[in-house]
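Okay, structure first, notes after.
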Amino acid sequence: MLRKSKTSVAAAILLTSALTLTASAFAADPAEGRKLASQCKICHGLDGIAKIPIAPNLAGESQIYIQNQLKAFRSGKRQHEMMSVVAKNLTDQQIADLAAWYQSIEITARMPE
Ligand code: HEC
């Protein structure tokens, strides 16, 4: 009984995320994302502060946004000579973990006087 209800909860979550295209069906693990981010740090920094002028900062960026962009690079919907190569072999789980890592970084903004 318990098992069956867990399965239907999981199915409901899967269905919901498939419909909304926002939440991930995977439990995102920022610690795993931190490890995976070693592939990204040369351009985006491990801390999400970009190291090259043409790359955006990812620190504190929303998980949903990062995830959607990585999936768009992977599918070819969004194209960039560097990111299309980087994203090509990422799994949904890796994308979720990476997005969770960068979102978890706390940032503060200071406006000019
Ligand atoms: C060789 C440099 C390089 C590497 C390595 C790299 N990126 Fe990027 N990334 C870029 C550049 C440049 C852009 C800007 C693309 C554009 O102008 O459209 C970008 C864009 C992005 C964006 C879109 C951000 C936005 O504001 O729209 C995300 C998300 C992203 N990268 C995540 C990653 C992740 C995660 C990794 C590691 C798995 C990674 N990148 C590795 C260079 C890199």
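The values are calculated or read from the model by the stated rules, or taken from the named source; none is laboratory data. Since this is a predicted model, take the numbers as computed values, not measurements. FYI the Cβ positions are ideal-geometry reconstructions off the backbone, even for glycines, and counts take in every protein chain you see.
So that you can scan it fast, the table gives a plain yes or no per residue for (1) closer than 18 Å to R34 by Cβ; (2) of a type outside the set (G, A, S); (3) surrounded by fewer than 16 Cβ atoms within 10 Å (Cβ to Cβ):
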site: S62; (1), (2), (3): yes, no, yes
site: S75; (1), (2), (3): no, no, yes
site: I105; (1), (2), (3): yes, yes, no
site: A109; (1), (2), (3): no, no, yes
Which residue pairs have Cβ atoms closer than 8 Å, lie 6 or more positions apart in sequence or on different chains, and pair a first residue in segment 26-51 that is within 16 Å of L90 (Cβ to Cβ) with a second residue that is among the hydrophobic types (A, V, I, L, M, F, W, C) and away from the ligand (no atom under 12 Å from the Cβ)?
-> none
So which helices (runs of 4 or more DSSP H) stay within segment 1-85 end to end and still have 2 or more residues that are at pLDDT below 95?
-> 2-20
Would you check which residues across segment 86-113 are part of a loop (DSSP other than H, G, I, E, B) and either more than 12 Å from the ligand (Cβ to nearest atom) or at positive phi (or both) and list them?
-> I105, E106, I107, T108, A109, R110, M111, P112, E113
